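This report concerns only the one structure given below.
Since every read-out is calculated from the coordinates, none of them should be taken as a lab result. All figures in this text were calculated on a predicted structure; none of them were measured in a lab. Please note: Cβ atoms are built from the backbone with ideal geometry, for glycine as well, and neighbour counts cover all protein chains shown.
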Amino acid sequence: MYIEISRYTDRLKDVYERLDSAYDELALKYDGFSCNGCEKVCCDRVFIHFTLIEHFHLLEGFRKLSPEKRESVLERAEEYNRGFSETAHPEENFRMLCPLCEENRCILYPYRPLLCRVYGLPGVLRKQTGEPLGFPGCWRFQDLHGEVSEPLDRTAFFSEVAGIEKELREKLTYFQRYRKTVAQMILDEKRKDGLIMRTYDFFEGY
Ligand code: SF4
Ligand code: SF4
């Protein structure tokens, strides 16, 4: 089966662009809050990602790295995944820098997933019932601003990504659960039984 993944990743990029603008606009209200100068970046936290579409998008960026850089990221991903797999309840107990973090910066910043994009500012996500789920913002935001009344509403952006994901999965007849760290996404490039993408433009089997 051949599918032009770019038809889906282009739409994802559009959502990301609008989300980044909304984030920057809100950050201005909080003294231009940004990650610049952060002494303890949050990229050592375990973030779990749930969508194939973000997987394809992240790997699009990964494939643009030089072969040497890809090799060093893969080595770090192996190490990360070893630690992650050997830790009980890793989401709470495991801390290691993401394999894409170098000198406190994300080397695939334009390709980073949704959760990495929204993590700094306080946010709200409304369930279908309308019930809000609140996020207080990263440790640094809370240190600087405490509790605030205007969070970033993530709902529309997350729903749009979920919509793209649904269409993609239907096209691929891929309905198994997807739940991976960035390290695991990257390691899938090497695994024969992982998601197999032979070129950027096509998806072939899984
Ligand atoms: S993908 Fe980038 S922003 Fe996200 S945790 Fe990894 S290094 Fe940090
Ligand atoms: S989101 Fe917050 S904790 Fe993470 S790097 Fe930015 S300022 Fe630091």
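Looking at the chain, do any whole DSSP H helices span at least 24 angstrom along their long axis by alpha carbon and average -1.0 or above on Kyte-Doolittle, and which?
Taking the DSSP H segments of the chain (at least 24 Å long, mean hydropathy at least -1.0), we get 155-172.
In deg cm²/dmol, rounded to 500, what helix-only [θ] at 222 nm does the chain give when every DSSP H run of at least 4 residues adds -39500 (n - 2.57) and the total is split over its residues?
-14500 deg cm²/dmol
Report, by chain and number, residues whose modeled amide H sits under 5 Å from the one on C35, excluding near sequence neighbours (fewer than 5 apart, same chain).
Long-range HN contacts for C35: none found.
Quick one: of K13/K166; K69/K190; K69/K180; K127/K166, which pairs are farther than 24 Å apart, Cα to Cα? Don't skip to the answer; put the middle values down first.
Values: K13/K166 16 Å; K69/K190 15 Å; K69/K180 22 Å; K127/K166 17 Å.
Beyond 24 Å: nothing from the list.
Please list, by residue number, every one of the chymotrypsin sites (Phe, Trp or Tyr not before Pro) in segment 1-81 that is coil in DSSP and has at most 13 other beta-carbon atoms within 10 Å.
Passing sites in segment 1-81 are Y2.
Please state, as a whole number in µm²/s, the translational diffusion coefficient that the Stokes-Einstein equation yields for segment 16-81 at 37 °C and 0.692 mPa s, with Rh defined as the Kirkwood radius across alpha carbon pairs.
221
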